[in-house]
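The values are calculated or read from the model by the stated rules, or taken from the named source; none is laboratory data. These figures come from a predicted structure and were not determined experimentally. Here Cβ is always computed from backbone atoms with ideal geometry, including for glycine, and neighbour counts include all displayed protein chains. Accessible surface is based on the protein model in full, side chains and every heavy atom, while ligands, DNA and RNA are left aside. Shrake-Rupley method; radii C 1.70, N 1.55, O 1.52, S 1.80 Å.
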Amino acid sequence: MRAGDELPPLEIEITRTLIVAGAIASRDFQDVHHDAELARAKGSPDIFMNILTTNGLVGRYITDCLGPAAVLRKVAIRLGAPNHPGDTMVLTGRIEEVVADVDGGDTVVVRVLGANAIGRHVSGTVTVSVPPRGGTP
């Protein structure tokens, strides 16, 4: 793994169930994440995904790509275009920095972008500890 390496893209279908379940799981009971009529009354075309669900999906993407022993150390993301039911979000990543740790593992900084049909939904960086091959976190 080296700076400049691209991670494989991950397509995520944005369903009404994913949006509502993510909001419930993160205890975000704002009506715009589960009630379409109230979301429309507030100017949105439909319910939309909350940042905590996006944060979880970004974390999943990184650990899927870097392995189950990878440990998220810092997730710094910013939201842009909302994810609505029926959207497909495509997450992509690029390794920005790899620093060798004293234990033989690496600290890796990954630039992450997630986009849907109307634009960039999420952007940011994730810092991850990756243990040495064959090691444990």
> For the stretch 91-108, what are the residues that are more than 12 Å from L7 (Cα to Cα) and open to solvent by 20 Å² or more (accessible area, probe 1.4 Å)?
Replying inline: E97, V98, V99, A100, D101, V102, D103, G104, D106, T107
>> Checking I47 against (1) more than 26 Å from D101 (Cβ to Cβ); (2) touching a Ser or Thr at 6+ places or on another chain (Cβ under 7 Å); (3) aliphatic (A, V, I, L, M); (4) part of a loop (DSSP other than H, G, I, E, B): exactly one of these is not met. Which one?
In response: (2)
> Within the stretch 114-137, can you find the residues that are buried (at least 18 other Cβ atoms within 10 Å of the Cβ) and within 18 Å of I14 (Cα to Cα)?
Replying inline: G114, A115, N116, H121, V122
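Kindly indicate which of R60, R78 is open to solvent by 30 Å² or more (accessible area, probe 1.4 Å), charged (D, E, K, R), within 30 Å of E37 (Cβ to Cβ) and under 12 Å from the mean Cα position of the chain (by Cα).
Values: R60 fails: within 30 Å of E37 (Cβ to Cβ).
Within the list R60, R78, the selection yields R78.
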> Out of (1) in contact with a Phe, Trp or Tyr (Cβ under 8 Å, 6 or more places away or on another chain); (2) not in a loop (DSSP other than H, G, I, E, B), the odd one out for Y61 is which?
Replying inline: (1)
>> What's the total number of residues in the stretch 64-86 that are free of Cβ contacts under 8 Å to residues at least 60 places away in the same chain, of a type outside the set (A, V, I, L, M, F, W, C) and either assigned to a strand (DSSP E or B) or under 16 Å from P132 (Cα atoms) (or both)?
In response: 4
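Only residues that are touching a residue at least 40 places away in the same chain (Cβ under 8 Å), in a loop (DSSP other than H, G, I, E, B) and open to solvent by 90 Å² or more (accessible area, probe 1.4 Å): list them for the stretch 1-35, please. Spell out the reasoning first.
Step one: list which residues in the stretch 1-35 are touching a residue at least 40 places away in the same chain (Cβ under 8 Å), which gives 1-16, 19.
Retained after the next criterion (residues that are in a loop (DSSP other than H, G, I, E, B)): 1-5, 14-15.
Once the filter is applied, which keeps residues that are touching a residue at least 40 places away in the same chain (Cβ under 8 Å), in a loop (DSSP other than H, G, I, E, B) and open to solvent by 90 Å² or more (accessible area, probe 1.4 Å), the stretch 1-35 yields M1, R2.
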